[in-house]
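What follows is a short report on a single structure.
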Amino acid sequence: MNRKTLVLPAVVGLLAPVLAGCGATDSGSGGGNPIVVGTTDRFIASKDAPAPLDPAYAYDIGPWNILRQTVQTLMIQPRGGGDPVPEAAEKCGFTDTGNERYACTLREGLKFANGDPVTAADVKYSIDRALALKADSGVSGLLNTIDTVETQGDREVIFHLKTADATFPFKLSTPVAGIVNPDDYPKNKLRDGFDVDGSGPYTFHADVKGDELVRAEFTKNSNYKGSLEVNNDKVDLVSYDSADAMGTALEKGDIDMMTRTMSPQQIQRLSNGTQEHIDLVDMPGLEIRYLGFNTDAPTVKSRAVRQAMAQIVNRSDLVSKVYGAQAEPLYSMVPASITGHSNSFLNKYGDPSVPKARALLAAADITTPVKLTLHYTTDHYGPATKEEFEVLQKQFNDSGLFDVRIKGTPWDTFRPAEKKGRYDVYGMGWFPDFPDADNFLAPFLDKDNTLGSPYANSRIRNKLIPESRREANRLAAAPSLTDIQNIVADDVPVLPLWQGNQYVAVRDGITGAAYALNSSSTLQLWELGRGMSG
């Protein structure tokens, strides 16, 4: 039994891998049966979200993990972390001193999987389409610093930005910037259903039952040209209803690897090395969990109510009771390992204190107990979510200042309702689009944010976010980023709770598992192979 551990230390705000253990980087064989990977992610096409896999709409870790295998981007986050590198592009870079003009040259001979050439015009079409559609998922916000896209010939693309944006190369590595074929993706509407076509390392076939994708089949794309080495010919991603069902499939050998989301109990058992022929790969993660607030809702419109909740919540108690060593308390939306992180909530509120919370409510003439419902999703962030909200409920109710009930809802209903402002308080998670502090702040605080939050702070939006993006040296952006975090701690439009590690479990004989997830929780199926695993 080998337990492989991937340690990701902070390096100027990014995460770079250092491997301990043996055999996890073997390239493996591409032949034989498909490598089968399990997940509890669900992929549903519904009335509220009919186009879950369109790059112009998708903004969730599960659909993105499908798109990253199939739809190519100009840039990509490298295997070991750090600044993004060219992928569909041969080269990219800022061509001015103000970080407002970014130019890319496409690789020669790029083709979509069907053989059609990939041109600069296709890149422009894809970006312009995502911006024009402006899907309610909020994903187009990643591209909101783009003013115009220019092409020169078939291979040159020039992005003219509205304002300086040092994070722009990272944004070009995200699926919303994926290059699509105009023949497959209409200009004025989203592409409904589960069809995906691109120029990435794999072609894609969806096994669908009803309105749900149950098995995603990835086959090596013979027309692929890019920076990735594909170590297998085929990978199947199978969706399971529960972590227990996924774990049973791994034990039986029906799948070769399982990813998110395992239960804390499964992870603990596997970490003890009791499962023969199964190894656990664990690595520090950038996943965070937080409470979001509809700041227009009468129950939480008063800042004092939100501040009192921030004063009561006991993160250490929550983590120890539910996740143990698999997570740690978080006192900002920015994880502790990212450059620019500040413990703003700890600095403002200190240790949990009911008397301090009572004083906050009394000063604002708030009648107690404040009645609230905390909403959570039952099937998206893992089986421990219900227990997590039971602990939160007890913390708030034990204070005597709140009368809290909790309500769980499946993700395909929960997410549309949250975006429409139907929940006053709700639990969410965040897997970063890229490992920079900007991506833990702007998506929740900027205009057209992913939460649909009514909270708007003009200083954050008009001064601090643009100011931070002007700094190519992210250490130099720290003062602006700290100011943003301090304002968030004071206004509490969101309430950070914890950040967690990430895990995969893999059967012997599968190589590359240590790199199957990157620091942003991106599933990198091309890393997997068959061979000696150590």
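The values are calculated or read from the model by the stated rules, or taken from the named source; none is laboratory data. Remember, it's a predicted structure, so these values are computed and weren't measured experimentally. Neighbour counts are summed over all protein chains in view; Cβ atoms, including those assigned to glycine, are modelled from backbone coordinates with ideal geometry. When the accessible area is computed, the model is the full protein with side chains, heavy atoms only, and any ligands, DNA or RNA have been set aside. Shrake-Rupley method; radii C 1.70, N 1.55, O 1.52, S 1.80 Å.
Bridges between two residues of the chain, per DSSP, are antiparallel at a rate of about 80%. Considering all C-alpha pairs of segment 314-428, those separated by over 20 Å amount to 53%. How large is the Kirkwood hydrodynamic radius of segment 214-351, counting all unique pairs of alpha carbons, in Å? Evaluated over segment 214-351, this radius sits at 19.2 Å.
Please grab the % of Cα pairs in segment 382-446 that end up more than 20 Å from each other.
Counting every Cα pair in segment 382-446, those more than 20 Å apart make up 46 percent.
Of interest is the spacing of the C-alpha centroids, which for segment 418-443 and segment 210-271 amounts to 25 Å.
The mean of 1/r over all pairs of different alpha-carbon atoms in segment 139-220, once inverted, gives a Kirkwood hydrodynamic radius of 15.4 Å. Straight-line cross-link reach from LYS301 at under 27 Å between alpha-carbon atoms covers these lysines, not counting any fewer than eight positions away in the same chain: LYS348, LYS356, LYS371, LYS386, LYS394, LYS407, LYS419, LYS420, LYS447, LYS463. With a Cα-only, solvent-free Debye model of segment 287-350, what are the log10 I(q)/I(0) values at q = 0.16 Å⁻¹? Ignoring solvent entirely, the Cα scatterers give -0.63. Nonpolar atom fraction for segment 166-310, defined as the carbon and sulfur part of the 1.4 Å probe accessible area, stands at 41 percent. Between LEU445, ALA113, ASN188, the Cα set farthest toward the positive side of the dipole of the chain (charges on each charged residue's Cβ, about the Cα centre) is that of LEU445.
Given a 1.4 Å probe and the protein chains as shown, ARG459 ends up with an accessible area of around 100 Å². Annotation: average projected area of segment 467-534 is 7.5 square nanometres, based on the convex hull of Cα atoms across all directions. Cα extents for segment 99-184 along the principal axes, largest to smallest and rounded to whole angstrom: 35, 28, 18. Taking a ≥ b ≥ c as the square roots of the eigenvalues of the alpha-carbon gyration tensor, segment 74-137 is classed rounded because a/c is under 1.5.
Ignoring lysines fewer than eight residues from LYS111 along the same chain, the ones with Cα atoms less than 25 angstrom from its Cα are LYS91, LYS124, LYS171, LYS187, LYS189, LYS220, LYS225, LYS234.
Ranked by the mean number of other Cβ atoms within 10 Å per residue, highest first, peptides 121-127, 161-167 order as 121-127, 161-167.
Here the peptides 442-454, 147-159 are ranked by packing, the mean other Cβ count within 10 Å, and the order with the highest first is 442-454, 147-159. Computed over segment 171-267, the quotient of the alpha carbon radius of gyration and 2.2 N^0.38 Å is 1.30. Its residues counted as N, segment 412-509 yields a C-alpha radius of gyration over 2.2 N^0.38 Å of 1.28. The chymotrypsin sites (Phe, Trp or Tyr not before Pro) of segment 295-380 include none that DSSP puts in a loop with a beta carbon having at most 11 other beta carbons within 10 Å.
Given the convex hull of the Cα atoms of segment 237-310, what is a quarter of its surface area in nm²?
7.8 nm²
Let me know the Kirkwood hydrodynamic radius for the chain, please, with Cα pairs as the basis and the value in Å to one decimal. One over the average 1/r among Cα pairs gives 23.7 Å for the chain. Overall shape of segment 344-395 was characterised from the C-alpha gyration tensor. The equivalent ellipsoid obtained from it has semi-axes of 27, 16, 9 Å, in decreasing order.
222 nm [θ] for the chain, helices only, -39500 (n - 2.57) per DSSP H run of 4+, per residue, to 500?
Helix-only estimate at 222 nm: -6500 deg cm²/dmol.
Say the dipole of the chain comes from +1 at the beta carbon of Lys and Arg and -1 at that of Asp and Glu; which of LEU74, MET333, HIS160 then lies farthest toward its positive end? Of the candidates, MET333 comes out farthest on the positive side.
Remark: segment 417-534 carries a charge dipole of roughly 220 debye about the Cα centre, counting +1 on each Lys and Arg Cβ and -1 on each Asp and Glu Cβ. Placing unit charges on the Cβ atoms only, positive for Lys and Arg and negative for Asp and Glu, gives segment 231-310 a dipole magnitude near 780 debye about its Cα centre.
Here the contact order of segment 55-173, divided by its residue count and restricted to Cα pairs under 8 Å and six or more residues apart, works out to 31 percent.
Residue ranges 282-289, 251-258, 44-51 sort as 282-289, 251-258, 44-51 when ordered by packing (mean number of other C-beta atoms within 10 Å per residue, highest first).
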